[in-house]
Structures are given as structure tokens and as C-alpha cells.
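The values are calculated or read from the model by the stated rules, or taken from the named source; none is laboratory data. All values reported here derive from a predicted model rather than from experimental measurement. We place every Cβ from the backbone using ideal geometry, glycine too, and count neighbours over all the protein chains shown. These accessible areas exclude ligands, DNA and RNA; they are computed on the full protein's heavy atoms, side chains included. Shrake-Rupley method; radii C 1.70, N 1.55, O 1.52, S 1.80 Å.
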Amino acid sequence: MDAKITKKRLSRMLSYDWLKMVLAAAAIIIVWTLIFTMTATRITPAQQYTVFNYDGNRPFSMTKFNKVYDDAFDRGIFSHEVIKATSYDMTTTGSNLHTVMDSRLQTDEGDAIFVSKEGDPDFPIKDDDGNVIGYEYTYLQTFVMRYGYYLYDINDYLDYMKKYLNKYYIDEKGNPDYENGVLNEEKVEQDFRTREKNDKRFKTEKQKKAGVKKDIERIQKYRDALVQFYKYLNEDKVISLEYTTIKMENEKGEEETLIDNVAYSINLCPNAETMGGLKNYAAYTKMVVDEQTGKKHNVESAENMQLCLFKLKGVNKNFVGENLIFINEMVRLSLEATKK
């Protein structure tokens, strides 16, 4: 056997060893990447508050929405549970609108969406000459027909929030009373420790105590937000609940009611005199006719702009009170903008 070391053999051996080292390094990187991916703390759907802007509206890039939304998050208007605030503009998706929308909702992404009551151009009503004289359905109606399964009935949502807060607020006699009762901090701590026992953010007792304190603040925020929402709704009357009814002809040519008077949305601008400032943040373009000249021109408006809330299975219902915080912030900003 010829075992003599030659320059050629040495070069070949080193090349083989080098290849082994490269493969070993690659294997180590892959293993560490897998370990990091599998053990890293992931953002849950409830920890990311996402707002959509539906087709037919002005793009967020043409309004002040993104700026005030980012600013609101930086100021900490949400509770500690929300660690990321994002927005997605469906007005930019074109023909992929429903594909993108479906994929987002199926992965439990989305909390609220702005939808107008303007006519949906996909359902035109034409005269005998083929001219469009109206629309069979509004954007709100077609949106509800397609995505109603994912939406809250706002009345059900508000009832849930009252029941949720009544678990933590009790009056002098020990009865549930989120409006006038006192917060039961022991109950908040008990539920927090049960719920977050496997959360990697709260490993040590010091971290858990800090988490309890933040969770007490979260419950207080939800309570204050619900009280303020009802004030905007019932006392100030600057917003209202929108009840949607949808009728359609069946195969026999008979009118059939598909949705009968369900509150799928909140009307954020029932009166432009008080909430017209909303157009700075969420708006659509509509054509109006000048009464004096008869000329047509486009204006930006937020009148009857709707906000729908998503009810997604993957979102922890303990944290859906973030919706109230967001709604109230939009109302507050809009009222201020209207006065300017």
C-alpha cells in the first residue's frame, strides 16, 4: 500500500476536511436557528392591535391616520398587553382585496376596520341607456355579507365587556357594578397568575408582581373606556350604533332578508358638524353638486363612516377591551379636529 504523503494527496485531504467543517458549521447554525425559533416568545394576536382600511376609502397614506395611530401607541393609550400596533390599507390591494382580507382574518390578524356607507361600484344600478344611476348595495353591506361571520354584533360586544368588568368591580354589598364599584385587585391578581403562568415575560416573582400591577391598570383602562364610550354614545350623542339590513332576490324572484337589523358597526360620524374632523384620519371621496351653479365636484368626507370590530377565534377575549380604547381615541381626536 502506498501511504506516501504527496502534495496532491495533502491538498485533497484538506479539501475534504474543509468541506466537513463547512457542513458542520451550517448544521450548527440550522440547529441554533430552530432552537431560537421554537423557544422564542411570539406575539399573540391579542398583543398586536391591527386596524384595516377597507376598499372605497381614501388610503391611509393620504390622511393623518398613520401618524396619529403611531403617536397614540407611543403615548401608551393601549394597555400593557398590546406591544405592537399595525395598520393595513386594503385600498392598495386592488383585485387581490378579498384574497388578502381572507388570509389576514384566517390567521387571526385584525381588530377593527373602517368601512363607508357609500355605494359599492361592483353592484351598479343602470338605466335603460346603461348609465349608472345608483348602487344596489353599500360598501358596508357587501362587506358584512362577505365577512359578517368574523364580526361582532356591537351590542353583544358591549354586553360582554360589561360582564367582563363586573367580575372585577363590586359595590359595598358585594354585587357586580363596573360603573360605581371598587376594583377587586385580589381577583385581578388571581386571574393574572392563572392566565400568565406559562408566559415567559413573567418568570420571576418580581416580574409577576410588576405584571399584576400592569394588569390592574389594564382593567382600570377598560372600565374607564367603557364608561367614556357610553358617554359618547348616549349623552354626547356624537357616535351611534349602525343597524344593517340586507335584502336580496332569491331564485324565485322573491325578496328575501339575509340580515335583519344587526348592529355590525359603529357610526363614527353620524353628524359632520360634531365629528367631521374624522375625515383627517378616515375618509372617502364623494361627488357633490353645487346647489347654485349645478357643477359637480369631489369632496373628502367622513360622514357615516363605520367602524366594524372583528371577533376572531385566536384572539384572547380577556383583551378585547383594547377596541374601546382605540374607538375613544379616534372620537377624541376627531372632536378636536372638528373644533379647529
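Assorted remarks:
- Coupling constants for the stretch 72-89 follow from the phi torsions by the Karplus curve (6.51 cos²θ - 1.76 cosθ + 1.60, θ = phi - 60°), and in residue order they are 4, 5, 4, 7, x, 6, 7, 6, 5, 5, 8, 10, 8, 10, 10, 9, 9, 9 Hz; glycine and proline get x.
- The mean sequence separation of alpha-carbon pairs under 8 Å and at least six residues apart, normalised by the residue count of the chain, gives a relative contact order of 20 percent.
- Per-residue ellipticity at 222 nm computed for the chain from its helices equals -13000 deg cm²/dmol, with DSSP H segments shorter than 4 residues left out and the rest contributing -39,500 (n - 2.57).
- Between the residues Ser301, Leu140, Gln207, the greatest Cα displacement towards the positive end of the dipole of the chain, with unit charges on the Cβ of Lys, Arg, Asp and Glu, is found for Gln207.
- Per residue, the accessible area of the stretch 92-234 comes to 57 Å², computed with a 1.4 Å probe over protein heavy atoms only.
- Size of electric dipole in the chain: Cβ of Lys, Arg +1 and of Asp, Glu -1, about Cα centre, debye, nearest 20: 2940
- Rounded Å value of the spacing that divides the Cα centres of the stretch 241-286 and the stretch 299-324: 15
- Loop sites in the stretch 171-263: trypsin sites (Lys or Arg not before Pro), DSSP, at most 14 other Cβ within 10 Å: Lys173, Lys197, Lys200, Arg201, Lys203, Lys237, Lys252
- Rg/Rh for the chain (Cα atoms only, Rh after Kirkwood) is 1.16.
- Greater than 24 Å apart at Cα, pairs in Lys237/Lys279; Lys167/Lys209; Lys84/Lys313; Lys163/Lys214; Lys117/Lys252: Lys117/Lys252
- The dipole here belongs to the stretch 77-181: it is taken about the Cα centre, uses +1 on the Cβ of Lys and Arg and -1 on the Cβ of Asp and Glu, and is about 380 debye.
- Among the GluC sites (Glu not before Pro) within the stretch 259-340, those in coil by DSSP and having at most 10 neighbouring Cβ atoms inside 10 Å are Glu291.
- Assuming charge only on the beta carbon of Lys and Arg (+1) and of Asp and Glu (-1), the dipole of the stretch 160-238 about its Cα centre is about 600 debye to the nearest 20.
- Relative frequency of Cα-Cα separations exceeding 16 Å in the stretch 195-274, percent: 71
- Potential extension, Glu336-Thr92 segment - 0.36 nm per residue separation minus Cα distance: 85.0 nm
- The apolar share of the surface of the chain, taken as the fraction of accessible area on carbon and sulfur atoms (1.4 Å probe, ligands and nucleic acids excluded), comes to 51 percent.
- Hydrodynamic estimate: the Kirkwood radius of the stretch 48-195 over Cα pairs, inserted into Stokes-Einstein at 4 °C and 1.567 mPa s, corresponds to D of 69 µm²/s.
- Every pair of different Cα atoms in the stretch 72-131 enters the Kirkwood calculation, which places the hydrodynamic radius at 15.1 Å.
- Amide H contacts under 5 Å for Thr86: Tyr49, Thr50, Val51, restricted to partners 5 or more places along the chain or on a different chain, H placed in the peptide plane at 1.01 Å from N.
- Secondary structure note: in the chain, about 75% of the DSSP beta bridges are antiparallel.
- With θ taken as phi - 60° and the Karplus curve 6.51 cos²θ - 1.76 cosθ + 1.60 applied, the whole-hertz 3J(HN,Hα) list for the stretch 182-187 is 9, 5, 8, 5, 5, 5 Hz, x standing for glycine and proline.
- Projecting the Cα atoms of Tyr178, Val115, Gly253 onto the charge dipole of the chain, computed from C-beta unit charges around the Cα centre, puts Tyr178 farthest toward the positive end.
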